[in-house]
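The values are calculated or read from the model by the stated rules, or taken from the named source; none is laboratory data. Computed from a prediction, not measured in an experiment: that's the story for all the values here. With ideal geometry, Cβ positions are generated from the backbone for all residues, glycine too; neighbour counts draw on all protein chains shown. The protein model used for the area step is the full one, side chains on, heavy atoms only, and it has no ligands, DNA or RNA in it. Shrake-Rupley method; radii C 1.70, N 1.55, O 1.52, S 1.80 Å.
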Amino acid sequence: MSARSFLVDDRLGDYLANTFNEPALLKQLREETGKMPECGMQIGPDQGVLMSILVKLLNVKSYLEVGVFTGYSSTSVALAMPDDGRIVACDVSDEFTQMARRYWKEAGVDHKVDLRIAPALDTLDALIKEGRQFDLCFIDADKPNYPGYYERAFKLVRPNGLILIDNVLWSGKVADPAVDDESTTIIRELNHTVANDLRVESMILTVGDGITFARVR
């Protein structure tokens, strides 16, 4: 993923960056993450603002995140949620999520977050067995498991809830039939699946690297 959409040039990107306000703490988190070799895994600030607005509009009180990294998306959501809001955050990396934990605490939202360090499919299966339901789910993790994450998210998100899937344009590679590596093929097939899934109402927004919006019917 990238902090700036591949769909816009630098000049337009600079202009767009001045059309919204990024909280100072999130900017600090983004800039600290930007020094890491893996910084491309971080969502952009425009995506964070979009998610914050959605949380407030939908009055989200239960949020499920698949793929935490250093915590930009979860912190954005936690700050936007009411004090009784709760997050289940799934990741396999204790190293990367150490930064997330630090920023959750600094933001005063750590009491909202239940971080589960384990393969996300296992965590999602456990949540299904528990009968958990969520208002919003954001999927932004390893691409080969996207289909499994999506099917489980459908079972965990309540009717009229929202499933968001990041990186669905994959730097434009999904539209190039000559590109057939595993991740591209899986994302391309998932996009087709979601578009034809009568259980949801969906579209892809050209924000960042593409975000699928899927409202559970």
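Quick one: in the range 167-177, which of the residues that are surrounded by 21 or more Cβ atoms within 10 Å (Cβ to Cβ) and at negative phi is farthest from the chain's Cα centre (by Cα)? In this case the residue turns out to be 174.
Selection over the range 7-44 of residues that are part of a loop (DSSP other than H, G, I, E, B) and loosely packed, with under 15 Cβ neighbours inside 10 Å gives a count of 11. You will find that of 148, 161, the residue that is of a type in the set (Gly, Ala, Ser), farther than 22 Å from residue 78 by Cα and under 16 Å from the mean Cα position of the chain (by Cα) is 148 and no other. Of all residues in the range 123-154, those that are among the aliphatic types (A, V, I, L, M) and under 18 Å from residue 167 (Cβ atoms) total 4.
This table checks each residue for (1) assigned to a helix (DSSP H, G or I); (2) over 29 Å from residue 114 (Cα atoms); (3) open to solvent by 70 Å² or more (accessible area, probe 1.4 Å); (4) among the small types (Gly, Ala, Ser).
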| residue | (1), (2), (3), (4) |
| --- | --- |
| 137 | no, no, no, no |
| 141 | no, no, no, yes |
| 165 | no, no, no, no |
| 179 | no, yes, no, no |
| 184 | yes, yes, no, no |
| 192 | yes, yes, yes, no |
| 197 | no, yes, no, no |
| 212 | no, no, no, no |
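Scanning the range 45-74 for residues that are of a type in the set (Gly, Ala, Ser), under 23 Å from residue 121 (Cα atoms) and open to solvent by 20 Å² or more (accessible area, probe 1.4 Å) yields one hit, 62.
Is there a residue being touching a Pro at 6+ places or on another chain (Cβ under 8 Å) and at pLDDT below 95 anywhere in the range 56-66? No, the range 56-66 has no match at all.
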